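What follows is one structure encoded as structure tokens, with my remarks underneath.
The values are calculated or read from the model by the stated rules, or taken from the named source; none is laboratory data. Computed from a predicted model, the values in this text were never measured in an experiment. All Cβ positions, even for glycine, are placed from backbone atoms using ideal geometry, and neighbour counts span all protein chains on display.
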């Protein structure tokens, strides 16, 4: 079974790290293919980055469908393009923010999100509101770390994240931590060992959710809100993205 | 890996059916042990049934812990005793309503719950409100079937459930169905085939979620709200349920 | 008119204190009978304690019904078993958290709950959410006092509670205090005199609400959600709790 | 103990009827004084009627304070002027909508409001939202009866109200009825007998709540939001309503 | 086109200042007429002041209608009498709190309200809840400045307001400031220049919204909730306010 | 003053019609420039269409900024790319759904959205939830008209829309209609004349809101959530969209 993990930014080291984290938790029969688009931003740290990154992400969703993927992971904590991806994929699609938040509510009554830049908190806040976890998400905290800093060993990123997590546990009445960036996937085990509470990371969470959906025979509903896009022409640079109407 | 599925009512045929459904979706390394308590109601169809059934359920949680279970399923759609179970179990505990609703939100923007008796709808409504799925749960519909009728081939139960599901898809703007009783686990495949939309069933959903949590190294947080019960004496008939304080 | 006040823990001194507080506010024609179950936990400080205590509580509800009680008070601030109790009682049943919160909203736009252990705050938070008082309840504050400490004169419990109340009035923009434990019933008058704001205590509040309902001819609706439990067998240790179907 | 029931419209027959209903439920030591203002609308059927009626209502609150009232009832289902009244009264003030809704939630998980004109439903909807009963109030239904028609025996008002209540019980999944007009106080007993579910009426509910608050030593908090109005001049026709600053 | 700006308090200097601010933003074809009622409180700093001020406000709404006003501004941040005014005016009516909050959500994801006295915060909180801006309004902050102090150059009011705004920007994660008193209209430009974020002021916002509604041919709906008051007698001092039934 | 109205689909007749509607309501000093992107879908009828259309939309936002636009309208009822557009524009940006809903709440307590295809209702529902208008938006209704059908005189589109509006007024307790597609801009006047209630259309509403913001000196906050995108490389087809970091 193929699960495609799509890092919607174009950072190759981050894609490699995300893929490694995904592979470590995959079941024996699961093949993880972690990719990043040929186009788009080097990192996603705001609404504009998200909007532009979505095109490349959707191209990768289509590519994965052609490869017969059994599931797709949108590996950026803003879950960009998730609804659009669901319209064009027969296989289920899961965002890493969504995955992490759902699992966090199964192991704690409340969680804190610890993320990178304060400017991205609004995106998480919006997701929390839409997923219905307003009560369960007790705080969204930024460490003021740029996304690509996470890849630099000397950046002190781990220490700042651990510090913020400890503050969250002291101040937010939370029982679990949700890591607010796909780039933090590699830090999860170390953080959980250090903190002694569940640390939920979205890439790995999404892989297990997709394996579960596959075993249960569940895929995105084609009835209603996620019906396939209607066939129509797209102009100019976007012509190649036009839906065929039969996907 | 042992997953204990606890049917909190004492109906042996239903326990067998639930266990069979759980086993069909379990991963190769998972052993399903489906049990029902030695004490409690023959079926759970209201708050009082739930309250009394919880004692036997909790006894089975403790028994499962002694057996080294890697996870526990509360296999009644009201998720009775879930918070209490989480306080006494090191392994994660998942309710079937919670499991089904979480997965339904991953494959559709809205779902309808189709359940047994109208008198139990208030319990589901309460769960929806607490889990945060007020927007995603577009309707809760009863078929006026008693829980134990589900086991009787001649009861016409399947047909009435399928009819109600069809009404839900026509009237509720839902893209998926959530089956509102653990006793419906065996009907899922047939219903999904008939309806052409995702039909999410909680027992099977909970098994896959527990397998996922185990692979991710996630268990109930002991920090805060789900801390183990404080050691103290329990009197009378309940003396044997007193927490040791070290669980 | 008989009002049964049920302390669902088995602490005799607390039962006596609760009964005395209830009696002090009862109307001339009201007889207060304050009891605690023959079975269950010595104190209720978490979900597990609550779940087990509910059995004995429900037994006392039934006993009270046989005695012709005109109302029942569930005298533990988590309002355990309230919905179940309403299914089996013809007389109205009121929880002390519910009673205190309702009355607090009649005398202030916002209130703070001051309770015992932080680990119980989640129970109060859940009740607030379900009763609809999310806006009115501006904070839930714990004093880290064990429930049974409240009975010990030398424990400094009163002083710590008063301190926390003062912090609440300074920091929460609240106009009233709700005492978050039935064991605090005796402290209300002293606290209100010291603080100069309404201090609402649930046992006494529930007694007056039940007297009011009785005078108005109002009792729990048997139509729909609180219909009597269906008659069915209960197995094992719980056999004696089986509903007759005619209660 | 004096409880002042203020019918904020100027209809004398309605005032008499309200007073009679209040007196029937009052405790032995309670004296009911039911009044209507010397100024204002003959009936209250919209926001404008409410706004103008509030002046006369507040004058009666002040008059009641001078008479040493132990409590005030605002006997119009829109609860007009309630917050303002609480600023100027030392005794507690309760609105009949608020009273009825609070008690209804103690005897049923959901209620329907049955009121007079459709044009007033928005006022009730607003109150429901502010009191926090969005989930508990399952419907607001109008009978298209003018308020003063309620006083006319030949108007068929009772029959239309009973019909609407029956529709509510069939269609709204409600367990109780809240009567949405103080002018319906006299109909409660007959309706409850006919319908077999709790019918909650606000005037009588408010009287019992005020008796309860008095017994508990609870009155409106002067801390914060309901502090007494600041002393200042009022001009023109309103000069006589200027707060002295010491009330 | 005539826009009537009604300062519902009777302070002439504040009326003049409000009128000047309104005039500065009005379009060429707009004539601003800023008035205050002949009756009512010198300033509005609580629910009681609001309730009494509403009568004079409504009289001015009627006067404006006779003058053919194309729009009415309720120039007090509690938006007193807004619903009643809409029932009696053919031209649209906008409150300054409503105007400022709506525009603030168009230029920032979150805003803080900075207002005068803490005792008025509850009024703003209520408006936020009713307008639907619970998420967007991140804080309501008082400077403890009396409304009429705003007119006194030596009061230090400006400095205290600027300080509070700076605290809001540091602590509330807000991107814009909403000024919480019509008396602050003159301070907006200076504050915005000092703070470097949008500072939204309601009087000026309401004028532009009314100009917009007029250009769009939009006025208050007469269908349903804002239908004209029914004709009926009003007694005593309020007789002259009786609706004719044809407004 | 230049207001750029961006129709994010590539239908030239619709762009012309939208531009004409915008021009009809513009103030004398306002120049309307209505454009559609050189790339993207012919119509927007789902999440995927929206996601791809956003790139061309953002390109037009940038183009408008270079032209010194004083405001930008996103003229598609799903408000696609709105947050991203705000990050890259100094001038304010308003979506037509947002504009119409805000104004509708100023003229009615409740509104119904009447839109094209049922499959787009979920997008509107999401917007309503995020803008805070859950209570005010009483229904979202589809006419099952494709977006481009709106341009065809013989399609019967107008009649079907008017019919649906009439149903909304009868069944939803709404006082106003919000037109759920920018392509309906031309129908507004005729519909309002026929229905006798406010019909709010987003393109025209957005133009007036932008004129208002400009007169008030208000533009998108650069503090916090809408800070300009960080400078970084974008790869491949998206390279030309990379933010310079100084916009």
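Listing for the model above:
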read-out: Candidate set from region B:139-163 (those that are touching a strand residue (DSSP E or B) at 6+ places or on another chain (Cβ under 7 Å) and crowded, with 19+ Cβ neighbours inside 10 Å); member that is farthest from residue A:92 (Cα to Cα); value: B:143
read-out: Selected residue [at pLDDT 95 or above and not in a helix (DSSP H, G or I)] from A:140, A:161, A:123; value: A:140
read-out: Exclusive hit being in the same structural domain as residue E:106 (by TED's automatic domain parsing) and under 18 Å from the mean Cα position of the chain (by Cα), set E:179, E:210; value: E:179
read-out: Residues being in a loop (DSSP other than H, G, I, E, B) and within 14 Å of chain D (Cβ to nearest Cβ) - total across region C:210-247; value: 12
read-out: Residue C:103 being within 21 Å of residue D:92 (Cα to Cα) and either at pLDDT 95 or above or crowded, with 22+ Cβ neighbours inside 10 Å (or both); value: yes
read-out: Neighbours by Cβ (under 8 Å, 6+ apart or cross-chain): first from region F:173-187, within 12 Å of another protein chain (Cβ to nearest Cβ) and surrounded by fewer than 24 Cβ atoms within 10 Å (Cβ to Cβ); second part of a loop (DSSP other than H, G, I, E, B) and modelled with pLDDT of 95 or more; value: F:173/F:110
read-out: Residue F:224 being at pLDDT below 95 and buried (at least 19 other Cβ atoms within 10 Å of the Cβ); value: yes
read-out: Selection from region C:94-118 of residues that are within 14 Å of chain B (Cβ to nearest Cβ), touching a residue at least 40 places away in the same chain (Cβ under 8 Å) and not in a loop (DSSP other than H, G, I, E, B); value: C:95, C:115
read-out: Any hit, region F:155-165, residues being within 14 Å of chain E (Cβ to nearest Cβ) and under 17 Å from residue F:184 (Cβ atoms); value: yes
read-out: Subset of region A:193-211 (residues that are within 13 Å of residue A:5 (Cβ to Cβ) and out of contact with any helix residue (DSSP H, G or I) (no Cβ under 6 Å at 6 or more places or on another chain)); value: A:210, A:211
read-out: Residue E:194, sole failed condition from (1) more than 7 Å from chain F (Cβ to nearest Cβ); (2) over 29 Å from residue E:33 (Cα atoms); (3) outside any helix (DSSP H, G or I); value: (3)
read-out: Residue check, residue A:79 farther than 30 Å from residue B:218 by Cα and either touching a strand residue (DSSP E or B) at 6+ places or on another chain (Cβ under 7 Å) or in a strand (DSSP E or B) (or both); value: no
read-out: Selected residue [assigned to a helix (DSSP H, G or I) and either in contact (Cβ under 8 Å) with a residue 24 or more places away in the chain or under 17 Å from residue D:201 (Cα atoms) (or both)] from D:16, D:27, D:91; value: D:16
read-out: Test: residue in region E:41-53 that is more than 18 Å from residue E:211 (Cα to Cα) and in a strand (DSSP E or B); value: yes
read-out: Any hit, region E:33-47, residues being more than 8 Å from every other protein chain (Cβ to nearest Cβ), over 21 Å from residue E:185 (Cα atoms) and touching a strand residue (DSSP E or B) at 6+ places or on another chain (Cβ under 9 Å); value: no
read-out: Residue in region F:62-72 that is farthest from the other protein chains (Cβ to nearest Cβ), counting only those that are surrounded by fewer than 24 Cβ atoms within 10 Å (Cβ to Cβ) and part of a helix (DSSP H, G or I); value: F:66
